[in-house]
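Notes to accompany the following structure.
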Amino acid sequence: MVAAADAQNYAQKLGITPEMAVQELGWDEDTDDDIRSAVEETIGGEMVDEDSDEVMDVVLLWWRDGDGDLVDALMDAIGPLSDDGFVWVLTPKTGQPGHVEPSEIAESAPTAGLTQTSAANLGMWSGSRLVQPKARAPKR
C-alpha cells in the first residue's frame, strides 16, 4: 500500500491535477512507471507524446546525461505550453546512470527563457520545475 500512496504523492508533488493536459518527452526504458502511472491516474487519461499539437498545461521532460542539448529540448518543451503551463525536467538522482548536475539545469533554463521555481524528490528521479516568466502588464 505504501507504494500506491507514494505514487499518488508523485502527481501531487508535480502539481498535477485532474484533467490537465500533460505531454511526456524523453520517455525511455528507464523512466519511472510509478511516476507515469500516478500522473495518468490523476489526469484521468494518457499523457500525450511529442507529436501532439494540443496546448499543454504541463510538460514532463525525462532528461539524462548524454541526451543532447538541454536548451534545445527546453525550447521544444515550451512550444506547446499554455501561458500558465510549466515544465518538469526529470533527471536520475546522484549516483544513478545518466545523472545530470543541477547546475546544468540552472544554466540551461534562463537560456531557454525559463525560471526554476522548485525541486521535487521522486524516488530514483529528481524533478526541477521550470516556468515561463510572467509578462509585465503594460503601463498606462
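Just need a number here: residues in segment 1-16 that are open to solvent by less than 30 Å² (accessible area, probe 1.4 Å) and modelled with pLDDT under 90.
Going through segment 1-16 one residue at a time, the tally reaches 1.
Pull out all pairs, ordered by first then second residue, where Cβ-Cβ is under 9 Å, the residues are six or more apart or on different chains, the first lies in segment 1-24 and is within 12 Å of Ser37 (Cα to Cα) and of a type in the set (S, T, N, Q), and the second is open to solvent by 60 Å² or more (accessible area, probe 1.4 Å) and at pLDDT 90 or above.
So the pair list comes out as Gln8/Glu41.
Looking only at residues in segment 43-72 that are farther than 22 Å from Pro92 by Cα and among the charged types (D, E, K, R), which one is least open to solvent (accessible area, probe 1.4 Å)?
Asp57
Results for (1) of a type in the set (Phe, Trp, Tyr); (2) over 19 Å from Gln23 (Cβ atoms); (3) touching a residue at least 24 places away in the same chain (Cβ under 8 Å), shown as yes or no for each residue.
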{"site": "Val48", "(1), (2), (3)": "no, no, yes"}
{"site": "Met56", "(1), (2), (3)": "no, no, yes"}
{"site": "Leu81", "(1), (2), (3)": "no, no, yes"}
{"site": "Gly85", "(1), (2), (3)": "no, no, yes"}
{"site": "Trp88", "(1), (2), (3)": "yes, no, yes"}
{"site": "Lys93", "(1), (2), (3)": "no, yes, yes"}
{"site": "Ala119", "(1), (2), (3)": "no, yes, no"}
{"site": "Leu122", "(1), (2), (3)": "no, no, yes"}
{"site": "Ser128", "(1), (2), (3)": "no, no, yes"}
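Would you tally the residues in segment 81-114 being surrounded by 15 or more Cβ atoms within 10 Å (Cβ to Cβ), in a strand (DSSP E or B) and small (Gly, Ala, Ser)?
Of the residues in segment 81-114, 1 are surrounded by 15 or more Cβ atoms within 10 Å (Cβ to Cβ), in a strand (DSSP E or B) and small (Gly, Ala, Ser).
For segment 19-36, check the following and say yes or no: at least one residue is in a strand (DSSP E or B), over 17 Å from Pro92 (Cβ atoms) and modelled with pLDDT of 95 or more.
Yes, that holds for at least one residue.
Right, Gly123: touching a helix residue (DSSP H, G or I) at 6+ places or on another chain (Cβ under 7 Å), surrounded by 13 or more Cβ atoms within 10 Å (Cβ to Cβ), under 25 Å from Gln12 (Cα atoms) and not basic (Lys, Arg) or not?
yes
Conditions first: (1) without any contact (Cβ under 8 Å) to a residue 24 or more places away in the chain; (2) open to solvent by 60 Å² or more (accessible area, probe 1.4 Å); (3) in a helix (DSSP H, G or I). Met75 passes all but one, so which condition is the exception?
That leaves (1) as the condition not met.
The values are calculated or read from the model by the stated rules, or taken from the named source; none is laboratory data. Nothing here was measured: the structure is a model prediction, and the numbers come from that model. Every residue, glycine among them, receives a Cβ derived from its backbone with ideal geometry; neighbour counts consider all protein chains shown. Keep in mind that these areas ignore ligands, DNA and RNA; they rest on the heavy atoms of the full protein, side chains included. Shrake-Rupley method; radii C 1.70, N 1.55, O 1.52, S 1.80 Å.
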